[in-house]
Amino acid sequence: MNWTRTLFLLLAAFLAVFWQAAFGGIRWLTGAQVDFLPCIMVYAALTGNIFEVSVLAVLGGTWLDSLSANPLGTSVLPLFVVGLGILAASELILKDETFAQFMFGLIASALSPLLTLLLLLTVGHSPLIGWGTVWQWFIMGLLGAAATPLWFGVFDWLDRNFAHSRATTSSFRPDREIRRGRK
């Protein structure tokens, strides 16, 4: 397990949650709050393991709920479900393709708020729902889809520059001579 990669994921999640709570420029411009946690979850699920997905869902969801109007822990389950669904099919996905990253970012960014809304309605809360909700959901999906390939670029750059790569071992020795033919 690469601890620097996990640390970068958690640091990015913390900074993304803080940024979306502190700076409302995109919210003011589009009328919708962008959420970068599903984008980061797509990266963690496509390139990581169940530990990274679980830790990111628990800590990222808790950080998001602590700075939002959601009850504490509401965003944890939707993030985990999205991450687990992508992780289950991660071997079949072309994770280096920008189009696949865009589409999974769109799916995750649209599904996570929908599951959060369903969870809030299930436990008895009454959030404000109207035609503006559809607009916000649409914008959240598009902005999350556009941000997902950017997150892949950022994390790949961090992995190349700060994480140690595994040493490759081979049973082939280049200094060994293979004799062919008859003696």
Placing each pseudo-label 7 Å from Cα in the direction of the beta carbon, LEU118 and GLU91 end up separated by a distance in nanometres of 2.7 nm
Longest principal axis of the chain (C-alpha) makes with the long axis of helix 50-66 (C-alpha) an angle, in degrees to the nearest 10, of 20 degrees
Between TRP131 and LEU84, Cβ-based FRET efficiency (R0 25 Å, step 0.05) works out to 0.20
Connecting every pair of Cα atoms under 10 Å apart in the chain and solving the GNM, the largest mean-square fluctuation among ILE107, ILE50, ILE40 falls on ILE50
Within the set GLY60, GLY141, GLY31, GNM on the chain using Cα springs under 10 Å gives the largest fluctuation to GLY31
Rounded to the nearest 10 degrees, the helix 131-162 long axis (Cα) sits at an angle to the longest Cα principal axis of the chain of 30 degrees
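With r defined as the distance between the Cβ atoms of LEU29 and THR168 and R0 fixed at 41 Å, what FRET efficiency is calculated, to the nearest 0.05? Before the final figure, lay out the partial values.
Working: r = 47 Å, r/R0 = 1.15.
After rounding to 0.05, the efficiency reads 0.30.
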Candidates LEU84, LEU64, LEU121; GNM for the chain (alpha-carbon contacts under 10 Å) flags as most fluctuating LEU121
Nearest 10, in degrees from 0 to 90: the angle of helix 98-122 to the longest Cα principal axis of the chain is 40 degrees
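Please give the per residue volume of the convex hull enclosing the alpha carbon atoms of the chain, rounded to a whole number of Å³.
Values: hull volume 26.4 nm³, N = 183.
Hull volume normalised by residue count: 144 Å³.
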Percent relative contact order for the chain, counting Cα pairs under 8 Å at least six residues apart, stands at 26 percent
Per-residue ellipticity at 222 nm attributable to helices in the chain (runs of n ≥ 4 DSSP H, -39500 (n - 2.57) apiece, nearest 500 deg cm²/dmol) works out to -23000 deg cm²/dmol
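The numbers here are math on the coordinates, done by the rules we state, and not lab data. What you see is a predicted model; the values in this text were computed from it and never measured. We place every Cβ from the backbone using ideal geometry, glycine too, and count neighbours over all the protein chains shown.
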